[in-house]
Amino acid sequence: MAILLLNLRHVPEDEADEVRALLEAQGIEYYETQPGPFGISAGGIWLVHSEQEERARMRLHEYQQTRLQRVHVERETARREGRLPGTWSQLRDNPLQALAAVLGILLVLAVTLLPFLLLGE
């Protein structure tokens with residue numbers, strides 16, 4: 001029976017590539033399912049043989065710990081060097097997205113408060 005090793009929802013492509021390379025280097029057979037067309041299913045990396053699950057999970061855990069440390073170091077270095085984008089740079093880079101978010105918040109507030117304002121009259 002196939003076993004889901006890694007759900008690919010919110011997994012960066014470079015991480016998925018590194019996991020594939022890790023499995024191939026360890027001689028662990030796997031296959032991959034692609035995400036659904038409407039975003040309902042995310043796709044995943046599945047093990048072919050259930051007897052390889054323990055070894056695969058152990059290697060994946062080791063890889064994820066190493067990646068976590070590496071990413072933390074890279075983020076801290078970027079923060080110290082001023083390369084980490086902040087809120088204002090995000091707003092400046094995506095003004096339409098920021099405007100849409102503000103309008104959405106105002107719409108939700110209006111719909112939420114409207115019954116109370118009308119009852120007060």
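The values are calculated or read from the model by the stated rules, or taken from the named source; none is laboratory data. The model shown is predicted, which means the values in this text are computed figures rather than measured ones. The accessibility values were calculated without ligands, DNA or RNA, using every heavy atom of the protein model including side chains. Shrake-Rupley method; radii C 1.70, N 1.55, O 1.52, S 1.80 Å.
Structural remarks
- Compared with the dominant Cα axis of the chain, that is its longest principal axis, helix 53-81 is turned about 50°.
- Calculated SAXS-style log₁₀ I(q)/I(0) at q = 0.22 Å⁻¹ - the chain, Debye, Cα scatterers: -1.18
- Angle of helix 95-119 to the longest C-alpha principal axis of the chain, folded into 0 to 90 degrees and rounded to 10: 50°.
- Net length gained if the chain between Leu109 and Glu53 were fully extended (0.36 nm per residue, minus Cα distance): 15.3 nm
- Every Cα-Cα pair in segment 1-62 was counted, and those over 16 Å apart are 41% of them.
- Net length gained if the chain between Trp88 and Leu117 were fully extended (0.36 nm per residue, minus Cα distance): 7.0 nm
- Based on protein heavy atoms only, segment 13-55 ends up with 63 Å² per residue of surface accessible to a 1.4 Å probe.
- Helix-only mean residue ellipticity at 222 nm for the chain, each DSSP H run of n ≥ 4 adding -39500 (n - 2.57), per residue, nearest 500: -21000 deg cm²/dmol
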